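A short worksheet on the structure shown next.
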Amino acid sequence: IYTELFEMSPSDRDIRLNLSRLAASTGQWEQLLETYDSTINENFDLANAQRVDLLLEKAEVLEERLEQLDDATEVYDEVLLEEPDNQQALEAMERLLTRKEDWERLADFYRDRAGKSDTEDRVYWLEREATIYDDVLQDIDRSIESYFRLLEENDQNRGAVEALVRLLGHRNRWHDLA
């Protein structure tokens, strides 16, 4: 009965909460996701904010209840297409990509975020990207590129300067420090 009520009124938080409780008590998470998918894909009156809420709930179920991390990542990607600055989705993407040890995709995620951010946030994301290339992937060339991009945004970033001295020294590219 909650499924039918939800389909008629997907914005009603009490109905969604009861539907989620029912799924938790019966273990019918797949049925809950099917209900969410049906509503997301077929209810054209659904407001963008409601759609995003349902996507976030779907992603949480995939991640936390079903441990389907790849599927959860895809849903969070969809949220970020709708709301590029959705903090919950941003944090979840970082958490999931780290948990999956998908370092290349995490570095790409950081670079993408940097491109969509203002200067202060861009520095934060570029630092994260450079750290992945330097510390985790140990890709000297991409680390160097990332640190140079970081210095373009903040030429006083001491950590980037120190990393470039170290990395360019490994490549005997001292002339690039000038």
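Spin-label pair Leu17-Glu120: with each label point 7 Å from Cα along the Cα-Cβ axis, the two points sit 3.5 nm from one another. Each of Asp71 and Asp176 was given a label point 7 Å from its Cα along the Cα-to-Cβ line. The distance between the two points is 4.3 nm. Using Cα atoms only, what is the angle between the long axis of helix 29-42 and the major principal axis of the chain, expressed in degrees (0 to 90) to the nearest 10? Computed tilt is about 90 degrees.
Remark: the chain carries a charge dipole of roughly 640 debye about the Cα centre, counting +1 on each Lys and Arg Cβ and -1 on each Asp and Glu Cβ.
Give, in nm to one decimal, the length gained when the segment between Leu137 and Gln88 is fully stretched (0.36 nm per residue of separation minus the Cα-Cα distance).
Full extension from Leu137 to Gln88 adds 15.0 nm.
Rounded to the nearest 20, the Cβ-based charge dipole of region 1-103 about its Cα centre (Lys and Arg +1, Asp and Glu -1) stands at 380 debye. 3J(HN,Hα) along region 93-101: 4, 4, 4, 5, 5, 5, 4, 7, 6 Hz, from the Karplus curve 6.51 cos²θ - 1.76 cosθ + 1.60 with θ = phi - 60°, whole Hz, x for Gly and Pro.
So what is Rg over Rh here for region 45-132, counting just Cα atoms and using Kirkwood for Rh?
Checking Rg against Rh, the ratio lands at 1.00.
Each stretch of four or more DSSP H residues adds -39500 (n - 2.57); spread over every residue of the chain, this sum gives -22500 deg cm²/dmol at 222 nm.
Taking Cα extents along the principal axes in Å as calculated from this structure, the corresponding entry among (i) 71, 28, 21; (ii) 59, 39, 32; (iii) 68, 47, 36 is (i).
Look at the alpha carbon pairs under 8 Å that are at least 6 residues apart: their mean separation over the length of region 29-178 gives a relative contact order of 11 percent. Using a probe of 1.4 angstrom, how much of the accessible area of region 1-95 is carbon and sulfur, in percent? With neighbouring chains kept in place, the figure for region 1-95 is 44 percent.
Two decimals is fine: what's Rg over Rh for region 8-66, C-alpha atoms, Kirkwood radius as Rh? Radius of gyration relative to Kirkwood radius: 0.94. Simple rule: put +1 on each Lys or Arg Cβ and -1 on each Asp or Glu Cβ in the chain, find the dipole, and look at Pro10, Asn154, Ala49; the Cα lying farthest toward the positive end is Asn154. Take the chain with all the other protein chains still there, run a 1.4 Å probe, and you get 58 Å² of accessible area per residue.
The values are calculated or read from the model by the stated rules, or taken from the named source; none is laboratory data. Only a predicted model underlies this, so the values are computations on that prediction, with no experimental measurement involved. FYI the Cβ positions are ideal-geometry reconstructions off the backbone, even for glycines, and counts take in every protein chain you see. The accessibility values were calculated without ligands, DNA or RNA, using every heavy atom of the protein model including side chains. Shrake-Rupley method; radii C 1.70, N 1.55, O 1.52, S 1.80 Å.
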